[in-house]
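Everything on this sheet refers to the single structure shown next.
The values are calculated or read from the model by the stated rules, or taken from the named source; none is laboratory data. Note that this is a predicted model, so its numbers are computed, not measured. Here Cβ is always computed from backbone atoms with ideal geometry, including for glycine, and neighbour counts include all displayed protein chains.
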Amino acid sequence: MTHSTDNSAGSTVGAPITGEQPTPRQPLLRVDDLHVDFQTYGGVVQAVRGVSFEVAAGQTLAIVGESGCGKSVTVQSLMGLIPMPPGRIHKGTATLRGHDILASKFVGGQDIRGREISMIFQDPMTSLNPTMTIGRQIAETLEVHRGYSQSQAFNRAVELLEMSKIPEAAKRAKQYPFEFSGGMLQRAMIAMAIACEPAILVADEPTTALDVTIQAQILDLLGDLQQETGMAIILITHDLGVVARMADDVMVMYAGEVVERGSVDDIFYRSGHPYTQGLRLAMPSNKRAEDGGAEQTLLAIDGSPPDLFNPPTGCAYHPRCPHAMNVCAQQAPAQYGLGSTSASNQGLSHQAACWLHHELCAAQKDQP
Amino acid sequence: MSKSANDYTTANPALVEISHLVKHFELGRGQRVHAVDDVSLSIYPNEVVGLVGESGSGKSTLGKTVVGLHDKTAGQVTFNGTQLPARYGGDDFRAMASKMQMIFQDPYSSLNPRMTVGEIVSEGLRLRQDLTPAVVQEKVAHWLRLVGLSPDHQSRYPHEFSGGQRQRIGIARALILEPEFVVCDEPISALDVSVQAQVVNLLGDLTKELGLTLLFIAHDLSMVRYISDRMAVMYLGCLVEVGTSAQVFFDPKHPYTETLIASNPEADPEHERQRPSTTIQGEIPSPINVPAGCRFANRCPKAMSHCSTQTPLLKPIAGEGDQRLVACHLYT
């Protein structure tokens, strides 16, 4: 697929740059200081603790982190998919085109879910209704949101399956989920998700259950559809390879917090947080020796992710961090701007939540 | 793991010799799953052989058949020159348990939730009648320390541990009998990235220290290339390519291997931007109705007319030594 850092398919990035001020992107979705917790018998799980980000049309934001870091809960709370109780969004705002989606999912009587934001899930086998044909399931979305008649909706469903590159779409639309393979089901899920031409597609680990050749097909498909429709994609994954392939912007989460965010190049080449660096070094690099790659030893991150019933004080990463200082255990670091040097000033500005970027620390580094 | 430190050599006689191994599963009504079809592979002492392939390619079945967890439909496996039975009985398992072991993929379902960690790890030692309870206790404590757990963990139950810790318990259980050969069936797939590295490094260190021979099954190509000395690629029950990890990864010969490696996303945005679009269409066919001829022919970008009629054999590539094998008509 063509990588889309310079993708101007969106309607928001065309404005000419005047003077020295770069035109700020018009964010489609802006999330500010989101806090989500779950009241359980064992106590309160603080799943998301102050997450802020924005997404612009035509861009792909990847949310990266290990299991339990709060990446799925973040997007599920935006979609209204968190069961409440036990879940609770106790702080924060999320606005989609100026509309507060945490307060209400309905705009003008229409549910924004499926219409403005739609979602594909990790496991296509369990996310589709096994008793309905694929075509009917897609058509249903169109009948509800667009008021299509049954036959209109079904015909459109076949077109959508064709867009998702399912061979013999007319025949496949009449089949049930069990007749599809995993890769084909994920294509059907994508067809369903794009049925109402949403502004944002949330893909929660869309390829984790798939083989690498099928993963490549699905990633290509998502990239092509993004080019055609100009939709924004929020991609949740733990696979840094998929991030490198798909993302414009990246947000790295750890223990419910954003530890670093920035453009994909910032995160991969100029990473400013020890956790992000640790993730990179924990994966083998496949550079040949003659291309400057050395056979490095994998550097594992010791310990395991923290217990969110009782997140550590200070920086949540400090018990595992090789650079931890006294202050890290005492006080949570602020987000330090690291001055994005990427060519496009459109992306998320590069920020890392780490005391190493405090001025005292930076000054000490210069001393012998 | 540093590869040069492993002084395996393919000149020695093989430790495990798999020859023409076949494993079919009968489904009734004359249908059968061709899970493993005519696989031959030699595994030499002290080497790590990585086995890669997509789901449904038969790699786990191959691993389980080699250690005797599945009966063999045809073909044979020899260990140190001794032929292993086609169908294992209780005595065979008892005899082989201290020589071959297996580490399983899912650290959640492969540990008995009703047994304590001490019981799980020491279970294999029941074969050794000569050991007193005190010695068993000591061995379990020693192995728990070796895999990075604390001896105090013995009295706990599996649910008290994280995925990475459970996988360490699985490793201790497999290695406490000090086997020579271990099949690792996707030991890291269920783990988070940071924990994967911990487990891979642990396995690498133990392999070197104990002089183990591993068959390392996984679908993560980068990780397999990292840990293995040699790599074998499987597609729909057959081996399509064998070579050193560097040969297979950086200089793939079989069109399927090429596709597999080109599809593997690299954690490097610059590299990904320059990647030519190389996706192949279609999916792995059903192992019930295997296509005639080369099993990859219907998806192969380089397929020729005789590919769908004649089955290519796994043969050495001319001029690349007798350990660089490929099953493709392009090289015959």
Odd one out for A:Ala255, checked against (1) under 19 Å from the mean Cα position of the chain (by Cα); (2) over 23 Å from A:Gln59 (Cα atoms); (3) facing chain B (nearest Cβ under 9 Å): (3)
Flag for A:Asp307 being more than 7 Å from chain B (Cβ to nearest Cβ) and not in a loop (DSSP other than H, G, I, E, B): no
Top-ranked residue of the stretch B:295-317 - restricted to ones that are touching a residue at least 60 places away in the same chain (Cβ under 8 Å) and under 25 Å from B:Gln31 (Cβ atoms), ranked as nearest to the other protein chains (Cβ to nearest Cβ): B:Phe296
Hits in the stretch A:43-69 - residues which are within 18 Å of A:Ala255 (Cβ to Cβ) and within 14 Å of chain B (Cβ to nearest Cβ): A:Val64, A:Gly65, A:Glu66, A:Ser67, A:Gly68, A:Cys69
Among the residues listed as B:Ala97, B:Ala86, the single one being modelled with pLDDT under 90, away from every other protein chain (no Cβ under 14 Å) and touching a Leu at 6+ places or on another chain (Cβ under 7 Å): B:Ala97
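Between B:Glu160, B:Glu123, which is surrounded by fewer than 18 Cβ atoms within 10 Å (Cβ to Cβ), without any contact (Cβ under 8 Å) to a residue 40 or more places away in the chain, out of contact with any His (no Cβ under 7 Å at 6 or more places or on another chain) and not aromatic (Phe, Trp, Tyr)? Working first, answer last.
On the way: B:Glu123 fails: without any contact (Cβ under 8 Å) to a residue 40 or more places away in the chain.
The unique qualifying residue is B:Glu160.
Of the residues that make up the stretch A:348-360, is at least one of a type in the set (A, V, I, L, M), within 25 Å of the chain's Cα centre (by Cα), at pLDDT below 80 and part of a loop (DSSP other than H, G, I, E, B)?
Scanning the stretch A:348-360, I find at least one residue that is of a type in the set (A, V, I, L, M), within 25 Å of the chain's Cα centre (by Cα), at pLDDT below 80 and part of a loop (DSSP other than H, G, I, E, B), so the answer is yes.
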Filter pass, B:Val182 being more than 30 Å from B:Pro133 (Cβ to Cβ) and out of contact with any Ser or Thr (no Cβ under 6 Å at 6 or more places or on another chain): no
All positions within the stretch B:248-262 that are within 18 Å of B:Met223 (Cβ to Cβ) and either in a helix (DSSP H, G or I) or not assigned by TED's automatic domain parsing to the domain that holds B:Gly293 (or both): B:Val248, B:Phe249, B:Phe250, B:Thr257, B:Leu260, B:Ile261, B:Ala262
Filter result (of a type in the set (Ser, Thr, Tyr), more than 7 Å from every other protein chain (Cβ to nearest Cβ) and under 19 Å from A:Lys165 (Cβ atoms)) within the stretch B:260-294: B:Thr278
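Among the residues of the stretch B:218-247, write down those that are in a strand (DSSP E or B) and within 11 Å of chain A (Cβ to nearest Cβ).
B:Tyr235
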Answer residue from the stretch B:288-327, given it is over 26 Å from B:Phe249 (Cβ atoms) and in contact with a strand residue (DSSP E or B) (Cβ under 6 Å, 6 or more places away or on another chain) and is surrounded by the fewest Cβ atoms within 10 Å (Cβ to Cβ) among those: B:Ile288
Those residues of the stretch A:216-235 which are outside any helix (DSSP H, G or I) and either crowded, with 23+ Cβ neighbours inside 10 Å or free of Cβ contacts under 8 Å to residues at least 40 places away in the same chain (or both), in sequence order: A:Met231, A:Ala232, A:Ile233, A:Ile234, A:Leu235
Number of the condition not met by A:Pro167 [criteria: (1) part of a loop (DSSP other than H, G, I, E, B); (2) of a type outside the set (Asp, Glu); (3) in contact with a helix residue (DSSP H, G or I) (Cβ under 7 Å, 6 or more places away or on another chain); (4) within 14 Å of chain B (Cβ to nearest Cβ)]: (3)
Condition check for B:Glu209: away from chain A (no Cβ under 12 Å) and in contact (Cβ under 8 Å) with a residue 40 or more places away in the chain: no
Some residue of the stretch B:260-280 being more than 30 Å from A:Asp266 (Cα to Cα) and either at pLDDT 90 or above or touching a helix residue (DSSP H, G or I) at 6+ places or on another chain (Cβ under 6 Å) (or both): yes
Leading residue by the ranking (surrounded by the fewest Cβ atoms within 10 Å (Cβ to Cβ)) among those in the stretch B:38-67 that are assigned to a helix (DSSP H, G or I) and charged (D, E, K, R): B:Lys64
Every residue from the stretch B:68-114 that is touching a residue at least 60 places away in the same chain (Cβ under 8 Å), touching a helix residue (DSSP H, G or I) at 6+ places or on another chain (Cβ under 9 Å) and outside any loop (DSSP other than H, G, I, E, B): B:Val77, B:Phe79, B:Met100, B:Gln101, B:Met102, B:Ile103
Count - residues of the stretch B:265-287 that are closer than 30 Å to B:Lys315 by Cβ and surrounded by fewer than 20 Cβ atoms within 10 Å (Cβ to Cβ): 8
Test result for A:Tyr275, under 24 Å from A:Gln46 (Cα atoms), facing another protein chain (nearest Cβ under 9 Å) and more than 16 Å from the chain's Cα centre (by Cα): yes
Residues of the stretch B:228-264 that turn out to be out of contact with any strand residue (DSSP E or B) (no Cβ under 8 Å at 6 or more places or on another chain) and of a type in the set (Ser, Thr, Tyr), as a count: 3
